[in-house]
1. Quick one: among L87, L104, L289, which has the greatest mean-square fluctuation in a GNM of the chain with alpha-carbon springs under 10 angstrom?
2. Please give me, ordered by residue number, the trypsin sites (Lys or Arg not before Pro) of region 150-252 that lie in loop per DSSP and have at most 16 other Cβ atoms within 10 Å.
3. Run the quick spin-label model on Q376 and S68: label points 7 Å from Cα toward the beta carbon, then report their separation in nm to one decimal.
4. What accessible surface, in Å², does a 1.4 Å probe find on M6, ignoring ligands, DNA and RNA and rounding to the nearest 10?
5. Under a 10 Å cutoff between Cα atoms, tell me which one of L140, L46, L249 has the largest fluctuation in the Gaussian network model of the chain.
6. For region 58-87 and region 337-356, what is the separation of their C-alpha centers, rounded to whole Å?
7. List residues of region 253-288, by number, whose backbone nitrogen lies under 17 Å from a label position 7 Å along Cα→C-beta of V328.
8. How large is the Kirkwood hydrodynamic radius of region 91-250, counting all unique pairs of alpha carbons, in Å?
Amino acid sequence: MPHDFMPGLAGVPAATSSISDVDGQQGVLEYRGIRVEELCAQSSFLETSYLLLFGRLPAASQLEQWTSDISHHRRVKFRIVDLLKCLPEHGHPMDALQAAVAALGMFYPGRQVKDAETNYWSAVRLIAKLPTIVAAWARLRHGDDPIPPQDDLEFSENFLYMLTERRPHPLWKEIFDDCLILHAEHTMNASTFTGLVTASTLADPYTVVASSIGALKGPLHGGANEEVVQMLREIASPDHAQAYVEQQLAARRKLMGFGHRVYKVKDPRATVLQRLCERLFQECGPSPLYTIALEVERTAGESLNGKGIYPNVDFYSGIIYDKMGIDVNLFTPLFAMARVSGWLAHWLEQLQENKLFRPDQIYSGEHNRPYVPLAQR
Ligand code: SDX
């Protein structure tokens, strides 16, 4: 294989960026230079989104304005709800989200991406409206009317309220907000790269985010969190974990929620998510899935840790959402609601010095083949 071709572009820089950094050997993730653990302890998802998009923590007045702008743009046009009502109710929520976000751009002037003011309001609308679309679909597919967003509720509290029309337990609001922080950004992952390629054509940000949602859906990327909980439910008991892991690995099938292109130690986000699991279960009672997950991590580690394969962000996240009563196929849309901040941060950064993404290929086909008439084939 020619030396300059790397399958999956592994290790190949696609951009210069100051938004986040991952040390895969030490297990460190920083957003604009701040450790993600520190942001979970001290910040909020909205403040972290501001940090990612604009490169610095907001002053009090800036945070107040940002929070107000997001809170007052949570509603979606009734035609977006009508669009969701036309979709098959058993359709996957990621497909519904992608369709609605692609349509969202039709209602707003986000086309001229060179205008900073327009770009600001496009970013506000996308961060504000993705949770509303996810919650609306969660209700509509069961024949229930969407619950309107509440301007006076904080970001995470409002989302959980839109799912159930009940204000969530204060601990749930805090834990869910930390989950959003942990999922907000992660350097040049597949969905961010997808969005950058779309952004480099100067397409509008709604189209950029719709393309990233498509990439995030795959089970090798954001779709893994849903697969993990389905795997844990299939295992059903910690006593079955070892046999399941051995069977999967013997069949050379990958364990969902394990492994990472960059981390060769345990994903620091998985460690924080475990602590959130333990806080949640201390308050609300145990989760059988968590006990099974711990046994899977222990037994899989015996075979995989030596190859630098450890739990990633998707291994424990779904266990938290499951305990909160959120449907398993909503887990990846939750990932998208958080990661939209990272996608938009990279979009704005790309526009600073845009260059169309158009890589080369190594041609492996033939040349100068004759056209064979149909009668002679
Ligand atoms: C996310 O990029 C990001 O930052 C993503 C993300 C983000 O925040 O945006 O962190 C979020 O997507 C996390 C990953 C979620 N996906 C999964 O949990 C799916 C399971 N994981 C694997 O598919 C895999 O680990 C990847 C896709 C995540 C990374 O795979 P690579 O870097 O392409 O490596 P590979 O598939 O070529 O595997 C290398 C070796 C292989 O063994 P050999 O053939 O060389 O003997 O490691 C093995 C693989 O079989 N391996 C696994 C494994 N992951 C890799 N073996 C068993 N189980 C696994 N999960």
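1. L87
2. Numbers: sites: R166, K173, K217, R233, R252; in loops: R166, K217, R252.
The qualifying sites are R166, R252.
3. 7.7
4. About 80 Å², rounded to the nearest 10.
5. L249
6. 19
7. 254-258, 287-288
8. Numbers: mean 1/r = 0.0558 Å⁻¹.
Computed over Cα pairs of region 91-250, the Kirkwood hydrodynamic radius comes out at 17.9 Å.
The values are calculated or read from the model by the stated rules, or taken from the named source; none is laboratory data. Bear in mind the structure is a predicted one, so any value in this text is a computation, not a measurement. Methodologically, a virtual Cβ is constructed for each residue, glycine included, from the backbone with ideal geometry; neighbour enumeration extends over all protein chains shown. Side chains included, ligands, DNA and RNA excluded: accessible areas come from the protein's heavy atoms. Shrake-Rupley method; radii C 1.70, N 1.55, O 1.52, S 1.80 Å.
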